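Single-structure report; data block below.
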Amino acid sequence: MRSESRRLLLTCALLVCGAAGAEPLVGPSVGNADALVAEGTKLYNKRKYADASRVFLQATRANAALLPAYLGLGRARMGAKETAGACAAYRAWLKSAPDIQERPKAKGELDLCERQLKALRKKKKNQVPADLTARHVELKSDFFEALEAGTLLGSGSAGEKLRTLVTEGYLGTDLAEMGTRLSTASRAAAEDVHQRALKGEALETERLRAGHELLGLAKDTGEAAPQAPAQGLFLDGLAALQGGDSKGAEGLFAKAATAAPGVTEYRVWRAAALQRAGDLRGALSVMEAELPEDPRTDLLRAAVAQRTSKEDGARELERLLFQRYAAPPSR
């Protein structure tokens, strides 16, 4: 019985509900919803129903609140003989659509679809995907519970529940709210990890990787954080540094600094990676080129001088100690 249920779920995901890609899930990262509806309509008018069905489904993911995508999806699926999926799309449209002129026609199309589905279940019971309505209600409840608890990643998380809903072909305008809320929570959680790491707090490698994953989840369910690429590179650099890959970390910090020139600490971490690798002069070159006025550059210059000779080191330390008392330049 369990294996049969799993087979039916797989059938729904792959045949009727459309093969939903793992990334992204919902929101702007999926594509331009209006453009997708226009493309789906062109394909439908050319009677390329299967292609139109795929594009309309993508439109419902790009903007789950865009109602025309559901009606187009229902009609395209009917044309493609995807009866169970067509009924689901019609229901999603009728559940949220206002009382407009199109409604009676769509209701009639749903009635026809459900009669065909009923006949199909009698004739080919084992070939019709299972009705996942009750399961999806439970998944949505679990999603909001996990979101409220701040469980965004991993087993039983809000991210996992939303991914399952999308993969199993759930249709509904409430996906828009779910995606937005998860994206917002993911951005906030990732920013917390980033800020703590940036300040030098010792975080476990898994926490750093989770921060990067949260940045990706935010993008795949809504709007990405403006500095997400740089933040991801920085977190990856810290993880590499903790793993003993100083050279790889230095390269990642350099890329992060290029992606976000205004974040001074990325440059300092780059120099730190060079120092960790034993290249103190290289670290000084980075600091002198990138942060010549930073007090830490002076300290590093003194450290390099100390390695050159004790006399050089003493002179540099002496300069640092008394530079504030230097006579003002003559005019």
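The values are calculated or read from the model by the stated rules, or taken from the named source; none is laboratory data. No experiment lies behind these values; they were computed from the predicted model shown. When we count neighbours, we look across all protein chains shown, and the Cβ atoms used for this are built from the backbone with ideal geometry, even at glycine. Heavy atoms of the whole protein, side chains included, go into the accessibility calculation; ligands, DNA and RNA do not. Shrake-Rupley method; radii C 1.70, N 1.55, O 1.52, S 1.80 Å.
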Inset, instruction - Check the stretch 112-134 and report whether any residue there is closer than 23 Å to Leu175 by Cβ and loosely packed, with under 13 Cβ neighbours inside 10 Å. - result: yes
Inset, instruction - Test Glu265 against the stated conditions and say whether it is charged (D, E, K, R), over 30 Å from Phe56 (Cβ atoms) and touching a Leu at 6+ places or on another chain (Cβ under 8 Å). - result: yes
Inset, instruction - Restrict the check to the stretch 196-206 and report whether at least one residue is open to solvent by 30 Å² or more (accessible area, probe 1.4 Å) and in contact with a Gly (Cβ under 8 Å, 6 or more places away or on another chain). - result: yes
Inset, instruction - Can you run down the residue pairs with Cβ atoms below 7 Å, 6 or more apart or on separate chains, where the first is in the stretch 197-226 and without any contact (Cβ under 8 Å) to a residue 60 or more places away in the chain and the partner is open to solvent by less than 30 Å² (accessible area, probe 1.4 Å) and assigned to a loop (DSSP other than H, G, I, E, B)? - result: Ala197/Leu203; Leu215/Ala225; Ala218/Ala225
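Scan the stretch 303-311 and tell me whether some residue there is open to solvent by less than 80 Å² (accessible area, probe 1.4 Å), within 46 Å of the chain's Cα centre (by Cα) and at pLDDT 70 or above. Please lay out each step first, then the result.
First, pick out the residues of the stretch 303-311 that are open to solvent by less than 80 Å² (accessible area, probe 1.4 Å): 303-305, 308-309.
Adding the requirement that they be within 46 Å of the chain's Cα centre (by Cα) leaves 303-304.
If we keep only those that are at pLDDT 70 or above too, we end up with 303-304.
Looking through the stretch 303-311, at least one residue is open to solvent by less than 80 Å² (accessible area, probe 1.4 Å), within 46 Å of the chain's Cα centre (by Cα) and at pLDDT 70 or above.
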Inset, instruction - Examine the stretch 165-186 for a residue that is of a type outside the set (Gly, Ala, Ser), farther than 19 Å from Pro28 by Cα and either open to solvent by 70 Å² or more (accessible area, probe 1.4 Å) or assigned to a helix (DSSP H, G or I) (or both), and state whether such a residue exists. - result: no
Legend entry - Complete set of residues in the stretch 277-302 that are under 37 Å from the mean Cα position of the chain (by Cα), acidic (Asp, Glu) and either within 18 Å of Leu198 (Cβ to Cβ) or open to solvent by 70 Å² or more (accessible area, probe 1.4 Å) (or both): Glu288, Glu290, Asp294
Inset, instruction - Among the numbered conditions (1) open to solvent by less than 50 Å² (accessible area, probe 1.4 Å); (2) of a type outside the set (A, V, I, L, M); (3) in contact (Cβ under 8 Å) with a residue 40 or more places away in the chain, tell me where Phe143 comes up short. - result: (3)
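Within the stretch 146-164, which residues are assigned to a helix (DSSP H, G or I), open to solvent by 50 Å² or more (accessible area, probe 1.4 Å) and either within 20 Å of Pro24 (Cβ to Cβ) or of a type in the set (Lys, Arg) (or both)?
To start, the set of residues in the stretch 146-164 that are assigned to a helix (DSSP H, G or I) comprises 146-149, 158-164.
Filter once more, keeping what is open to solvent by 50 Å² or more (accessible area, probe 1.4 Å): 148-149, 160, 163.
Of everything in the stretch 146-164, those that are assigned to a helix (DSSP H, G or I), open to solvent by 50 Å² or more (accessible area, probe 1.4 Å) and either within 20 Å of Pro24 (Cβ to Cβ) or of a type in the set (Lys, Arg) (or both) turn out to be Glu160, Arg163.
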Inset, instruction - May I ask you to say which residue of Ala260, Ala228 is aliphatic (A, V, I, L, M) and under 30 Å from Asp174 (Cα atoms)? - result: Ala228
Inset, instruction - Can you tell me which residue among Ala230, Ala224, Ala188 is within 29 Å of Val286 (Cα to Cα) and of a type outside the set (Lys, Arg)? - result: Ala230
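If a residue counts only when it is within 15 Å of Gly169 (Cβ to Cβ), modelled with pLDDT of 95 or more and open to solvent by 60 Å² or more (accessible area, probe 1.4 Å), which helices (runs of 4 or more DSSP H) contained entirely in the stretch 1-98 have at least 1 such residues?
In the stretch 1-98, 49-62, 83-96 are the helices (runs of 4 or more DSSP H) which contain 1 or more residues that are within 15 Å of Gly169 (Cβ to Cβ), modelled with pLDDT of 95 or more and open to solvent by 60 Å² or more (accessible area, probe 1.4 Å).
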